[in-house]
Amino acid sequence: LAAEGAVYFIFGATGDLARRKLFPALYSLYREGKLGRSFAIVGLARRPRTDEQFRDDVLESIREFCRYKPEEGGDWREFASRFSYHSLDIGNVEGMRRLNESTLELEKRYEIPGNRLFYLALAPDLFGTVSRNLRDGGMLESKGWHRLVIEKPFGYDYPSAERLNEEIRQVFREDEVFRIDHYLGKEMVQNIEVIRFANQFFEPLWNSNHIANVQITLAETVGVEERGAYYNKSGALRDMVQNHMLQMLTMIAMEPPSRLDPEDIRDEKVKVLRSIRRFASAEDVSRRVVRGQYAEGSAKGKTLPGYRQEESVPPDSTTETFFAARLFVDNFRWAGVPFYVRTGKRLPVKSTEIVIEFKNVPNNVLFARRQDLQPNLLVIRVNPMEGIYIKTNAKKPGNDMTIQPVVMEFCQSCLVGINTPEAYERLIYDAGRGDSTYFTRWDELAAAWQFVDPIAAAWRDRPDELAFYPAGTWGPERASGLLAEDGFRWWPVN
Ligand code: BG6
């Protein structure tokens, strides 16, 4: 099903996100016929550029980052002809008026019914200005729909997120705002709903009677690279936990929605976010959260610099590059089940995995006190490998009754010829169709910040609790202690 005809405006068209993700995603959608026949794409940025120069840049980005290659067929010329560049000072209403005039021409030429999607690949402090000038420059007066797509960081804490939201909401309605969390565009994150709700042997066990704990790991091998200036203000808590980690936790913990309808699904997600136990005090944060920063270390025989030695990072920075915590979802289903979450930069592997650890079988006469009995695990592999596996116990072939864990695996990324769409592809496509299921609603965002803010506040009071870990390791040792205190351990991540 193709999206309705629309003009896609990419603000920040000369930036990194546009080059790495947005242009390649638009091209893949085009190749799959998902943009329909009547569409146009307008790149906007301040610097002057001709349409030709812009198309050359787009071609280069597609060659480098897209799963479809323009040389391999498909009609690159036709696609490129729909791309134009418009140099714009976003603070200037006159400029928006001119943009509106040229958009009207485009809409006429390609028979586009006035639908306009504004993708702001810009710093969030510009969202308010752009929204107002879009309105004042007449860009929202066309007769079709108008949608605003924005990316994190949505604020720095709850009050700033609320201010940002109010500025946007003076111009756009909530159902016109599409807030991207690219983890929600990932194949296996979307698959959580199917795994849970389409399998009779999981859902009945999906509660505190049968699940011992849940472990969510989002590990990266990279450091902060050239994003030191941004990252130093945000840290792992705001860069990863407030959004991607909480979204994954929510998908695991939510109740089945009554319908697979965007608002019903998001209602259930908000309930989970509101049920996550708040941190009551700085002591509570110290007890349940581990905060780390990578120091010099090594991986694969190469020395890696510490975070404080990275470009644009102050030498005395106390920003965390690692976060681990023991969380609880205080509702009927999850009473007492710990959710252990961890994320960090410069860890030993690049891997996102969710492990559901089931409770042990009763300690009965059959298998009492056996050392070789391991808990059942369901593992959802999100990134970069995609798949699921189940670990069960079985008898080791032979004469004695030795038990060994056996794995039953579905490895999606091992399938030959499978070409799963990139998260951004899916999300732009959904925004084009007006499906907001996998976008963050304001009340979700608000609840996420309300959960995160007390942690940040406790850290401000206790800067010395930052623990250092050598780059290339699994973070501060306390991260294992969190589980050991409860009699658990992190299951190895592949
Ligand atoms: C981004 C963060 O949202 O997600 C980055 O800002 C991080 O710091 C990235 O590297 C991880 O995404 P993925 O899809 O590579 O796991």
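Among 79, 474, 124, whose Cα sits farthest toward the positive end of the charge dipole of the chain (+1 at Cβ of Lys/Arg, -1 at Cβ of Asp/Glu, about the Cα centre)? Result: 474.
For the chain, the longest principal axis of the Cα atoms and the long axis of helix 93-109 meet at an angle of about 90 degrees.
Across region 19-174, Cα pairs under 8 Å and at least six residues apart give a relative contact order of 22 percent. Restricting region 325-390 to chymotrypsin sites (Phe, Trp or Tyr not before Pro) that sit in a DSSP loop and have at most 13 other Cβ atoms within 10 Å of their own Cβ leaves 332.
Around the Cα centre of region 194-272, unit charges on the Cβ atoms of Lys, Arg, Asp and Glu (plus for the first two, minus for the last two) sum to a dipole of about 160 debye. Of the trypsin sites (Lys or Arg not before Pro) in region 368-407, the ones in a loop by DSSP (not H, G, I, E or B) with at most 15 other beta carbons within 10 Å are 369, 370.
Here's how it looks for residue 146: its modeled amide H is under 5 Å from those of 116, which are all 5 or more places away or on a different chain. Just the protein heavy atoms count here, and of the accessible area of the chain at 1.4 Å, carbon and sulfur take up 50 percent. Applying a 4.7 Å Cβ-Cβ cutoff to the chain leaves 66 as cysteine residues with no disulfide-compatible partner.
Within the same chain, lysines fewer than 8 places from residue 350 are excluded, and of the rest, those with a Cα less than 21 Å from its Cα are 21, 186, 300, 302.
Let me make sure I get this right: for region 1-68, a, b and c are the square roots of the gyration tensor eigenvalues over alpha carbons, sorted descending. Under 1.5 in a/c it's rounded, otherwise prolate if a/b > b/c, else oblate. Which is it? Oblate shape, in that a/c is at least 1.5 and b/c is the bigger or equal ratio. Looking at the chain alone, DSSP beta bridges between its own residues are antiparallel in about 55 percent of cases. Can you tell me the relative contact order of region 6-87? Whole percent, Cα pairs under 8 Å, sequence separation 6 or more. Computed value for region 6-87: 41 percent relative contact order. Per residue, the accessible area of region 293-364 comes to 43 Å², computed with a 1.4 Å probe over protein heavy atoms only. Straight-distance candidates among the lysines for linking to residue 396, with alpha-carbon spacing under 27 Å and chain neighbours fewer than 8 residues away dropped: 359. For the chain, the relative contact order comes to 18 percent (Cα pairs under 8 Å, sequence separation of at least 6). Residue-wise, which Karplus ³J(HN,Hα) couplings in Hz belong to region 118-135, taking 6.51 cos²θ - 1.76 cosθ + 1.60, θ = phi - 60°, and x for glycine or proline? Working through the residues one at a time gives 10, 9, 9, 8, 9, 5, x, 5, 9, 4, x, 4, 4, 4, 4, 6, 4, 5 Hz. Here is the list for region 259-308: trypsin sites (Lys or Arg not before Pro) lying in DSSP coil, each with at most 15 other C-beta atoms within 10 angstrom of its C-beta, are 259, 277, 278, 300.
Partners of residue 69 within straight-line reach, counting aspartates and glutamates whose Cα lies under 19 Å from its Cα and excluding those fewer than 8 residues away in the same chain: 32, 56, 57, 60, 78, 422, 425.
Assuming R0 = 25 Å, what is the FRET efficiency of residue 457 and residue 230, from their Cβ-Cβ distance, to the nearest 0.05? That pair, residue 457 with residue 230, gives E of 0.70. Only Lys, Arg, Asp and Glu carry charge here, each on its Cβ (+1 for the first two, -1 for the last two); on that basis the chain has a dipole of about 800 debye about its Cα centre. Dipole orientation for the chain: of the candidates 70, 304, 215, 215 has the Cα lying most toward the positive pole (charges on Cβ; Lys, Arg +1; Asp, Glu -1). Spatially, region 1-79 and region 136-160 are offset by 21 Å when compared through their Cα centroids.
Each peptide in 163-175, 240-252, 435-447 receives the mean, over its residues, of other Cβ atoms within 10 Å, and ordering these scores from highest gives 240-252, 435-447, 163-175. Ignoring ligands, DNA and RNA, what accessible area per residue does region 448-494 give at 1.4 Å, in Å²? Per-residue value: 50 Å².
The values are calculated or read from the model by the stated rules, or taken from the named source; none is laboratory data. If you're wondering where the values come from, they're calculated on a predicted model, not measured in any experiment. Ideal geometry is used to build each Cβ from the backbone, glycine not excepted, and the neighbour counts take in all protein chains shown. Just so you know, the surface numbers come from the protein's heavy atoms only, side chains and all, with ligands and any DNA or RNA stripped out. Shrake-Rupley method; radii C 1.70, N 1.55, O 1.52, S 1.80 Å.
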